[in-house]
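Undergrad: To start, I am sharing the structure in question, which I have written as structure tokens.
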Amino acid sequence: MRKLLSGNEAIARGAYEAGVTVATGYPGTPSTEILETLVAHKDEVYCEWAPNEKVAFEVAAGAAIAGARCITTMKHVGLNVAADPLMTLSYIGVVGGMVVCVADDPGQHSSQNEQDTRQYARFAKIPVLEPSDSDEARRFVKLGIEISETYRVPVILRSTTRVSHSRSLVALDERTPSERPVGFEKNPQQFVPIPVWGRKLRLDVEERLARMAAAASTSPANRIEWRDRKLGIVAAGIAWQYVREVWPDASVCKIGWGYPFPDTLIREFAAGVEHLLVVEELDNILEEHIRSLGIACEGKNVVPPTGELSVTRLRQSRAAMEGGEIVVAPPPPDDLPARPPMLCPGCPHRGIFYGLTLHDVLVTGDIGCYSLGVFPPLNRTDIILCMGGGISLAHGMDKAGEPRKVVGIVGDSTFFHSGITGLLDIAYNRGSSTIIVVDNRTTAMTGHQDHPGTGRTLMGEKTAEVSIEAIGKACGIHRVTTIDPYDLKRVQEVLNEELAAEEPSLIISRAPCPLHQRKPHGPPRIIDPASCKNCGMCLKLGCPAIERHEVISINALLCTGCGMCEQLCRFNAISVTEE
């Protein structure tokens, strides 16, 4: 039986077929849908959203060391968070199979940076698999479990935005549960890497790497496709799809198990072609290694080193190699309307950002919907670094002597992810920043996933609803205030009080995401053209429902009835529509 699946759905299917019983992760585009798909099998697979990727990784590692088959999922920047346990788990190893599903984002479609997860595989000395389509994504999860159990090592499955979100036909198979019983077997010399034992484990890692390299050269995940031998192309992952279209006559060495490097296969291929080209997305990892083998090749001198590859970009590379005309894609028409990203109509974050426009403060932002507060007309985000950085950056600027008051903003899911330790640092080290948690009761930017503050698990079970206020007080913050961001007068009162305070404070701006609620906040508003002075005050909210042509009007199809514009109008020109 075959079914049309996205790469993420196929990864979930592969985990199910491989007999995975524990699946953990933290939502992050482009990886989110893996667990959202796999949870449909919750009777056979335990699934959880962890507070962050490090916790997710450690939970899966614990389960794998106890003998269960596991996966953990995250986007590429999430592996940065999980890097600490990754490096040591490579030493102590696993018992049950463990696949770390990491989705890279070439082109930065939804990410703050562009990085290549293969670097982590090489750094940690563990295998990495790179599927080129949905069916390979399914099969490579199963292959990853097999490799993991054979060599007692965690395996990275590196997807990309294009693989994760593209659909192709997938051949379905039956579930194959593990025959190994779950139960941890004590072995301190293996699982307690204090230096006296860790030094031995370090040698074992190198020996394991050599055995895996030999296996990679004969693995069906890597293969040679002989065609015209004038040009041979080494291609990994999704790049193989583009190569087959741009160079249909060239011989290709398709790399699916990319690290440890399949040296024997690469040498065989290179010896059989006249000219060698390496096509890989992002870093020149394969190219650099092939050159280290003494093999001449082309690579990033003709293939773009940054951004997402495509057929169009590789056709330009081919033209550059062959001295042909480089065809540049035509620019978009000048008369297309601009579509800048913006906070949704009725977004509760808008009330906080508007309130901050009335103060001369420095705002350290974070990763989430609220990062859109940087755009006009709000212009109220000055810097973004990473998850949880909105709090810690604020403290650093405060301690550096920044003359303006510093305000750190994080979301509710981000607060639980990595904001708590930063808040603790502010209290412990006598900071004076004002921290705002914009709590819209969900992990909104990645598609409304639950988190420790929602009172509901990924598997739909009711659970503890963790209080941000209680955590703030437990961290040592004495000034903790909760506000409704739709009440602009109250927002301003609280900001005035807390920005004037000489000690740190925590403001929780709480109102549900209207997209998650799937219902309007209130009745839609309308502007009376006879009363409107066209002053533009309401436009300062940056609400996409408020439009200005010859006159200012409210688009009834977009208005969610939040009422913030009505509060700002000094001429009572905005009111509730009459039903």
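Undergrad: Under the Karplus relation 6.51 cos²θ - 1.76 cosθ + 1.60, θ = phi - 60°, what is the ordered set of whole-Hz ³J(HN,Hα) values for the stretch 488-497, x standing for Gly and Pro?
TA: Going residue by residue, I get 5, 5, 5, 4, 5, 4, 5, 4, 4, 5 Hz, with x marking Gly and Pro.
Undergrad: If I model a spin label as a point 7 Å beyond the Cα along the Cα-Cβ vector, how far apart are those points for residue 174 and residue 108 in nm?
TA: According to this spin-label approximation, the distance is 4.9 nm.
Undergrad: What distance in nm separates the simple spin-label points at residue 320 and residue 553, each placed 7 Å from Cα in the Cβ direction?
TA: In this crude label model, residue 320 to residue 553 measures out at 5.0 nm.
Undergrad: Now, a different point. Say R0 is 41 Å: what FRET efficiency, to the nearest 0.05, do residue 263 and residue 197 get from their beta-carbon distance?
TA: My answer for the efficiency is 0.85.
Undergrad: Also, I was wondering about something else. Distance cut-off 21 Å, Cα to Cα: go down the list 142/462; 125/186; 3/142; 489/519; 519/540 and report the pairs above it.
TA: Checking Cα-Cα distances, 142/462; 125/186; 489/519; 519/540 exceed 21 Å.
Undergrad: By average Cβ neighbour count within 10 Å, what is the ranking of 141-153, 469-481, 122-134 from highest down?
TA: Ranked by mean Cβ neighbours within 10 Å, highest first: 122-134, 141-153, 469-481.
Undergrad: Packing-wise, with mean Cβ within 10 Å as the measure, how do 315-324, 449-458, 296-305 rank, highest first?
TA: 449-458, 296-305, 315-324
Undergrad: In degrees from 0 to 90, rounded to the nearest 10, what is the angle of the helix 134-151 Cα long axis to the longest principal axis of the chain?
TA: Here the helix axis deviates by roughly 70 degrees.
Undergrad: Something else: By per-residue mean of other Cβ atoms within 10 Å, what is the highest-first order of 15-23, 496-504?
TA: Taking the mean over residues of other Cβ atoms within 10 Å, the ranking is 15-23, 496-504.
Undergrad: Something else about it: For the stretch 114-130 and the stretch 208-234, compute the distance between their C-alpha centroids and round to whole Å.
TA: First find each Cα centre; the distance between them is then 18 Å.
Undergrad: Something else: Within the stretch 307-348, what residues put their amide N at less than 18 Å from the label point 7 Å along the Cα-to-Cβ vector of residue 379?
TA: 340-343
Undergrad: Rounded to the nearest 500 deg cm²/dmol, what is the calculated helix-only ellipticity per residue at 222 nm for the chain, with -39500 (n - 2.57) per DSSP H run of length n ≥ 4?
TA: Rounded to the nearest 500, it is -10000 deg cm²/dmol.
Undergrad: Right, another one. Given R₀ = 35 Å, what would the calculated FRET efficiency be for residue 425 paired with residue 484, taking r from the Cβ atoms and rounding to 0.05?
TA: 0.75
Undergrad: Here's a follow-up. Taking H placed 1.01 Å from N in the peptide plane, check which residues at least 5 places from residue 277 or on another chain put their amide H under 5 Å from its amide H.
TA: Result for residue 277 returns 232, 233, 234, 298.
Undergrad: Another one. Taking neighbour Cβ counts within 10 Å as the exposure measure, how do 197, 240 sort from fewest upward?
TA: Final ranking by Cβ density, sparse to dense: 197, 240.
Undergrad: Just the Cα atoms of the chain, one point each, no solvent: what log10 I(q)/I(0) does Debye give at q = 0.08, 0.10 Å⁻¹?
TA: Computed log10 I(q)/I(0) values: -0.65, -0.95.
Undergrad: What's the local net charge at residue 572, with K and R +1, D and E -1, over the other residues with C-beta under 9 Å away?
TA: That sum, taken over residues with Cβ under 9 Å, equals -1.
Undergrad: Rounded to the nearest 5, what % of the DSSP beta bridges within the chain are antiparallel ones?
TA: Among the beta bridges of the chain, antiparallel pairing accounts for roughly 25 percent.
Undergrad: Turning to a different aspect of this structure: If each residue's Cβ is checked for other Cβ atoms within 10 Å, how do 41, 275, 417 rank with the fewest at the top?
TA: 275, 41, 417
Undergrad: Under 26 Å Cα to Cα from residue 399, which lysines show up? Leave out anything in the same chain fewer than 8 places away.
TA: Residue 399 reaches 473.
Values in this text are rule-based calculations from the coordinates and carry no lab data. In this text, all values refer to a predicted model and were calculated from it rather than measured experimentally. Here Cβ is always computed from backbone atoms with ideal geometry, including for glycine, and neighbour counts include all displayed protein chains.
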